[in-house]
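Just below is one structure, and these are the notes that go with it.
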Amino acid sequence: MKRLFTIDLKDYDPSGKKFYRPSVRGIIFDNDGNIAMVYSQKYHYYKFPGGGIEGNESHIETLARELKEEAGLTLIPESAKEFGEVLRIQKKDETDEDIILVQYNYYYTCEVEDKIGEQDLDDEEKDAEFVLKFVPIEEAIKTNSAFQGKSIKKQMVKREKRVLEILKDVRS
(Lines give C-alpha, C1' and ligand atoms only; values in the text may rest on other atoms or scores of the structure.)
Protein backbone atom coordinates (compact mmCIF):
# COMPACT_ATOMS: atom_id res chain seq x y z
CA MET A 1 0.00 0.00 0.00
CA LYS A 2 1.38 3.42 -0.89
CA ARG A 3 2.51 5.73 1.91
CA LEU A 4 0.45 8.93 2.05
CA PHE A 5 2.66 10.61 4.66
CA THR A 6 4.57 10.05 7.89
CA ILE A 7 4.12 11.80 11.22
CA ASP A 8 7.26 11.41 13.35
CA LEU A 9 7.30 13.69 16.38
CA LYS A 10 10.80 12.58 17.41
CA ASP A 11 9.64 13.19 21.00
CA TYR A 12 11.01 9.87 22.23
CA ASP A 13 14.27 8.20 23.14
CA PRO A 14 15.21 6.20 19.98
CA SER A 15 16.55 3.42 22.19
CA GLY A 16 13.17 2.99 23.86
CA LYS A 17 10.91 -0.02 23.49
CA LYS A 18 8.63 0.08 20.43
CA PHE A 19 4.91 -0.60 20.75
CA TYR A 20 3.42 -1.52 17.36
CA ARG A 21 -0.30 -0.84 16.86
CA PRO A 22 -1.35 -1.32 13.21
CA SER A 23 -4.87 -0.21 12.37
CA VAL A 24 -7.34 -0.23 9.51
CA ARG A 25 -9.74 2.63 8.69
CA GLY A 26 -12.70 2.93 6.33
CA ILE A 27 -13.42 5.72 3.85
CA ILE A 28 -17.13 5.66 3.05
CA PHE A 29 -19.16 8.18 1.07
CA ASP A 30 -22.94 8.34 0.88
CA ASN A 31 -24.93 9.15 -2.27
CA ASP A 32 -24.82 12.88 -1.44
CA GLY A 33 -21.00 12.93 -1.28
CA ASN A 34 -20.86 13.15 2.52
CA ILE A 35 -18.27 11.08 4.33
CA ALA A 36 -18.95 8.66 7.18
CA MET A 37 -17.03 9.77 10.25
CA VAL A 38 -17.11 8.87 13.92
CA TYR A 39 -17.64 12.07 15.90
CA SER A 40 -16.60 12.53 19.53
CA GLN A 41 -19.41 14.53 21.12
CA LYS A 42 -17.26 14.97 24.25
CA TYR A 43 -14.00 16.12 22.63
CA HIS A 44 -15.35 17.55 19.35
CA TYR A 45 -13.31 15.83 16.63
CA TYR A 46 -13.92 13.47 13.72
CA LYS A 47 -12.12 10.20 13.02
CA PHE A 48 -12.47 7.60 10.32
CA PRO A 49 -14.24 4.48 11.56
CA GLY A 50 -11.67 1.81 12.24
CA GLY A 51 -9.18 0.57 14.75
CA GLY A 52 -6.48 -1.86 15.70
CA ILE A 53 -5.81 -5.22 14.10
CA GLU A 54 -6.39 -8.05 16.59
CA GLY A 55 -4.50 -11.32 16.47
CA ASN A 56 -4.24 -12.77 12.98
CA GLU A 57 -7.07 -10.71 11.47
CA SER A 58 -6.68 -9.63 7.88
CA HIS A 59 -7.12 -5.96 7.02
CA ILE A 60 -10.59 -6.67 5.62
CA GLU A 61 -11.63 -8.68 8.71
CA THR A 62 -10.46 -5.82 10.94
CA LEU A 63 -12.25 -3.26 8.79
CA ALA A 64 -15.52 -5.22 8.92
CA ARG A 65 -15.30 -5.66 12.71
CA GLU A 66 -14.39 -2.05 13.41
CA LEU A 67 -17.04 -0.59 11.10
CA LYS A 68 -19.65 -2.70 12.90
CA GLU A 69 -18.39 -1.84 16.40
CA GLU A 70 -17.71 1.89 16.04
CA ALA A 71 -20.34 2.88 13.50
CA GLY A 72 -22.94 0.13 13.26
CA LEU A 73 -22.08 -0.29 9.58
CA THR A 74 -21.84 -3.57 7.67
CA LEU A 75 -18.96 -3.73 5.20
CA ILE A 76 -19.45 -5.09 1.69
CA PRO A 77 -16.06 -6.88 1.70
CA GLU A 78 -15.52 -7.03 -2.07
CA SER A 79 -15.88 -3.23 -2.26
CA ALA A 80 -12.77 -2.54 -0.13
CA LYS A 81 -9.93 -0.95 -2.11
CA GLU A 82 -6.56 0.26 -0.82
CA PHE A 83 -6.33 4.05 -0.53
CA GLY A 84 -3.08 4.58 1.34
CA GLU A 85 -1.12 4.19 4.54
CA VAL A 86 0.01 6.70 7.17
CA LEU A 87 2.88 5.96 9.55
CA ARG A 88 2.74 7.67 12.93
CA ILE A 89 5.66 7.53 15.39
CA GLN A 90 5.65 9.27 18.76
CA LYS A 91 5.99 8.78 22.49
CA LYS A 92 3.19 6.39 23.52
CA ASP A 93 1.97 8.86 26.14
CA GLU A 94 3.18 11.85 28.10
CA THR A 95 4.03 9.83 31.21
CA ASP A 96 6.13 7.03 29.70
CA GLU A 97 9.31 8.27 28.05
CA ASP A 98 10.54 4.74 27.27
CA ILE A 99 7.78 3.48 24.97
CA ILE A 100 7.52 4.51 21.32
CA LEU A 101 4.16 4.18 19.54
CA VAL A 102 4.67 2.94 15.98
CA GLN A 103 1.32 2.94 14.22
CA TYR A 104 0.71 1.94 10.64
CA ASN A 105 -2.76 3.20 9.63
CA TYR A 106 -4.17 1.47 6.54
CA TYR A 107 -7.01 3.35 4.82
CA TYR A 108 -9.50 1.60 2.53
CA THR A 109 -12.28 3.07 0.43
CA CYS A 110 -15.32 0.84 0.77
CA GLU A 111 -19.06 0.52 0.61
CA VAL A 112 -21.46 -0.57 3.32
CA GLU A 113 -24.98 -1.94 3.44
CA ASP A 114 -27.76 0.66 3.65
CA LYS A 115 -28.95 -0.38 7.11
CA ILE A 116 -27.21 1.22 10.10
CA GLY A 117 -27.13 -1.01 13.16
CA GLU A 118 -26.19 -0.44 16.79
CA GLN A 119 -22.69 0.50 17.88
CA ASP A 120 -20.72 -1.79 20.22
CA LEU A 121 -18.31 0.70 21.79
CA ASP A 122 -15.54 -0.06 24.27
CA ASP A 123 -15.23 2.01 27.46
CA GLU A 124 -12.86 4.58 25.95
CA GLU A 125 -15.14 5.05 22.93
CA LYS A 126 -18.19 5.39 25.20
CA ASP A 127 -16.34 7.98 27.27
CA ALA A 128 -15.56 9.96 24.09
CA GLU A 129 -19.28 9.71 23.21
CA PHE A 130 -18.71 8.39 19.68
CA VAL A 131 -21.54 8.74 17.19
CA LEU A 132 -21.68 8.07 13.45
CA LYS A 133 -22.19 11.15 11.27
CA PHE A 134 -22.26 11.62 7.51
CA VAL A 135 -20.79 15.08 6.95
CA PRO A 136 -19.26 17.18 4.18
CA ILE A 137 -15.47 16.74 4.11
CA GLU A 138 -15.07 20.49 4.69
CA GLU A 139 -16.99 20.27 7.99
CA ALA A 140 -14.77 17.46 9.28
CA ILE A 141 -11.62 19.36 8.24
CA LYS A 142 -12.82 22.56 9.92
CA THR A 143 -13.77 20.76 13.14
CA ASN A 144 -10.46 18.87 13.33
CA SER A 145 -8.50 22.07 12.57
CA ALA A 146 -10.02 23.66 15.68
CA PHE A 147 -9.29 20.67 17.96
CA GLN A 148 -7.19 21.42 21.04
CA GLY A 149 -6.37 18.36 23.10
CA LYS A 150 -3.71 16.08 24.52
CA SER A 151 -0.68 15.31 22.38
CA ILE A 152 -1.60 11.70 21.58
CA LYS A 153 -5.16 12.62 20.50
CA LYS A 154 -3.99 15.83 18.83
CA GLN A 155 -1.71 13.85 16.51
CA MET A 156 -4.51 11.39 15.68
CA VAL A 157 -6.85 14.28 14.85
CA LYS A 158 -4.15 15.96 12.72
CA ARG A 159 -3.60 12.67 10.88
CA GLU A 160 -7.30 12.36 10.11
CA LYS A 161 -7.45 15.99 8.96
CA ARG A 162 -4.57 15.43 6.54
CA VAL A 163 -6.21 12.31 5.09
CA LEU A 164 -9.46 14.28 4.69
CA GLU A 165 -7.54 17.02 2.84
CA ILE A 166 -6.01 14.42 0.50
CA LEU A 167 -9.47 12.96 -0.15
CA LYS A 168 -10.87 16.42 -0.84
CA ASP A 169 -8.11 17.06 -3.42
CA VAL A 170 -8.60 13.64 -5.05
CA ARG A 171 -12.37 14.17 -5.34
CA SER A 172 -12.22 17.71 -6.79
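Here are a few things to note about the model shown:
- The selection criterion, being surrounded by fewer than 15 Cβ atoms within 10 Å (Cβ to Cβ), of a type outside the set (S, T, N, Q), modelled with pLDDT of 95 or more and out of contact with any His (no Cβ under 9 Å at 6 or more places or on another chain), holds for Glu138.
- Residue within the range 140-162 that is closer than 19 Å to Ile35 by Cβ, among the charged types (D, E, K, R) and free of Cβ contacts under 8 Å to residues at least 60 places away in the same chain present: yes
- Checked against the criterion of being out of contact with any Gly (no Cβ under 8 Å at 6 or more places or on another chain), aromatic (Phe, Trp, Tyr) and buried (at least 19 other Cβ atoms within 10 Å of the Cβ), the range 108-123 has no qualifying residue.
- Unique match (being in contact with a helix residue (DSSP H, G or I) (Cβ under 8 Å, 6 or more places away or on another chain), surrounded by fewer than 16 Cβ atoms within 10 Å (Cβ to Cβ) and of a type in the set (Ser, Thr, Tyr)) among Ser172, Ser145: Ser145
- In the range 28-49, residue farthest from Asp123 (Cα to Cα) [restricted to those that are in contact with a Pro (Cβ under 9 Å, 6 or more places away or on another chain) and part of a strand (DSSP E or B)]: Ile35
- In a residue-by-residue description of the range 12-30, the property of being over 18 Å from Met156 (Cβ atoms), among the hydrophobic types (A, V, I, L, M, F, W, C) and crowded, with 16+ Cβ neighbours inside 10 Å applies to at least one position.
- If you go through the range 15-27 and keep only what is in contact (Cβ under 8 Å) with a residue 12 or more places away in the chain and in a loop (DSSP other than H, G, I, E, B), you end up with Gly16, Arg21, Pro22.
- Candidates Tyr43, Tyr39, Tyr108: the one that is under 25 Å from Tyr12 (Cβ atoms), among the aromatic types (Phe, Trp, Tyr) and within 16 Å of the chain's Cα centre (by Cα) is Tyr43.
- Residue in the range 59-66 that is crowded, with 20+ Cβ neighbours inside 10 Å and part of a strand (DSSP E or B) present: no
- Residues that are under 16 Å from Gly51 (Cβ atoms), part of a loop (DSSP other than H, G, I, E, B), touching a residue at least 60 places away in the same chain (Cβ under 8 Å) and not aliphatic (A, V, I, L, M), drawn from the range 90-137: Cys110
The values are calculated or read from the model by the stated rules, or taken from the named source; none is laboratory data. Quick caveat: nothing in here was measured; it's all calculated off a predicted structure. Cβ sites come from the backbone with ideal geometry, for glycine too, and all protein chains shown count toward neighbours.
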